[in-house]
Amino acid sequence: MKNFILSIQHLLAMFGATVLVPILTGFDPSVAIFCAGLGTLIFHLCTKGKVPVFLGSSFAFIPVVISANQISNGDKAFAQGGIIVAGLIYVLLSFVIKFIGIDKIKKYFPPQVTGAMIAVIGLNLIPSALNMAVENVVIALITLVTSILINVFGKGFLKQLGILIAVGFGYLLSLISGGVDISSITNASLFQIPNFTLPKFSLEATIIIAPIVIAVFMEHVGDMTTNGTVVGKNFIEDPGLNKTLLGDGLATVVSGFIGGPANTTYGENTAVLAITKNYNPSLLRYTAIYAILLSFIGVFGGFLQSIPSAVMGGISIMLFSMISYIGIRTIRDSKSFKSIKNLIVIIAIILIGIGTSYLSNKGISIGIPITPNVSITGLSLAAIVGLILNRILNHKEFKSLK
């Protein structure tokens, strides 16, 4: 019974963020929950069951998936193809790390590049959150304030449920005011197979999505380091970063093949480990099984689809702002901004990442043409320019790679 309760806590901790990503990007939330559970089991298989983590939907992929959906006229199958390619890049990186070591790879992903990329991801997402919030400003504001208050004043496990409580409160107020369409719930059956879909592949979607790996690679390293610190073990060495990255990559590939978003290791569940002091990896595997079973409850999927846009907009404002803050904090903590060369890299990434996306929304496309119909722009362009510019300006840092 104790293990069951602890596993349910992990399920609740990951739930809010995991279902938010598919709701914002057009994926089926039930498929996302299924993929989170299956992806977690794949990860544990790759890491020999040594690392107590749960894999959930990745926020880093939201802006690029939305962009891919736009150029594909709303056909998310092409975004699935891009997600699969990104997952395969993870897998490739895992083999590269195995043969040449993590230290040499990390030199290509310094804080001034990854921090700026993470900040741009959040900044590009905030306008979409505001667009959802304006559908009912009062409900969105109440949801946002509730989430902030719990995040600031909440203690222990209550704080980990902040997203869930804020969304639930906003949903209840919307229901009372008649702002909820419950037809998706009433039309749903008790048992229902998630809406699994096959991927399609296009060069456009792949170019938009794949470069986001630059940011999420270092995010993965940070998650593994944090998890190891909480547990008191060095997971970078045992089972090895190559194996944890392999698990993350294969989970993302499988998710892309059946209609789910990209997966990533979840800090929410690491926080639960810190609170409960129970580091048994089998708890996370039980959680994964519960998530898979939950994805087949049709009424539950119908409920997720009925959540008003204003509620999602309110909670998204805080979450996307936090993503930007994490990027800025990465730069601040590394003190990389104290170097004028690093500052140039940071400014270039932010200006290109935000500027080209803004102009694209205005119908003006600025990027590197690949074919008559394909250009590298937005986050992809910012990532590539950041890597090259950093390599040129900080060339002395790379001498040891030879």
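We did not get these values from a lab; they are worked out from the coordinates using the rules stated. Just so you know, these numbers come straight off a predicted model, no measurement behind them. Cβ atoms come from the backbone with ideal geometry, glycine included; neighbour counts cover every protein chain shown.
Some points to look at:
- Between segment 1-80 and segment 275-322, the alpha-carbon center distance in angstrom: 9
- Computed packing ranks the peptides 12-18, 60-66 as 60-66, 12-18, most packed first, by mean other Cβ atoms within 10 Å.
- Pairwise centroid distance, computed over Cα atoms, of segment 152-179 with segment 125-140, Å: 16
- When peptides 178-185, 91-98, 118-125 are ranked by their average number of other Cβ atoms within 10 Å per residue, the highest-first order is 118-125, 91-98, 178-185.
- Computed helical MRE - 222 nm, the chain, DSSP H runs ≥ 4 contributing -39500 (n - 2.57), nearest 500: -23000 deg cm²/dmol
- Each peptide among 302-315, 100-113 gets the average number of other Cβ atoms lying within 10 Å of its residues, and from highest to lowest they stand as 302-315, 100-113.
- Under the Debye formula (equal points on every Cα, no solvent term), log10 I(q)/I(0) of the chain at q = 0.09, 0.11, 0.13 Å⁻¹: -0.51, -0.79, -1.14
- The gain in end-to-end length when the residue 130 to residue 195 segment is fully stretched comes to 20.5 nm, 0.36 nm per residue minus the alpha carbon separation.
- Ranked list, fewest to most other Cβ atoms within 10 Å of each Cβ, for 35, 46: 46, 35
- Dipole magnitude of segment 2-401 about its Cα centre (Cβ charges: Lys, Arg +1; Asp, Glu -1), debye to nearest 20: 1200
- The slack in the chain from residue 365 to residue 108, taken as 0.36 nm per residue of separation less the alpha-carbon distance, amounts to 89.7 nm.
- Sorted by Cβ neighbour density within 10 Å, fewest at the top, the residues 340, 148, 331: 340, 148, 331
- Span-like helix criteria (full DSSP H runs; alpha carbon extent of at least 24 Å along the helix axis; mean Kyte-Doolittle hydropathy of at least 0.0) are satisfied in the chain by 2-25, 29-46, 77-100, 111-133, 213-231, 241-258, 309-334, 340-361.
- Stretchable slack from residue 388 to residue 277, in nm (0.36 nm times residue separation minus alpha-carbon distance): 35.7 nm
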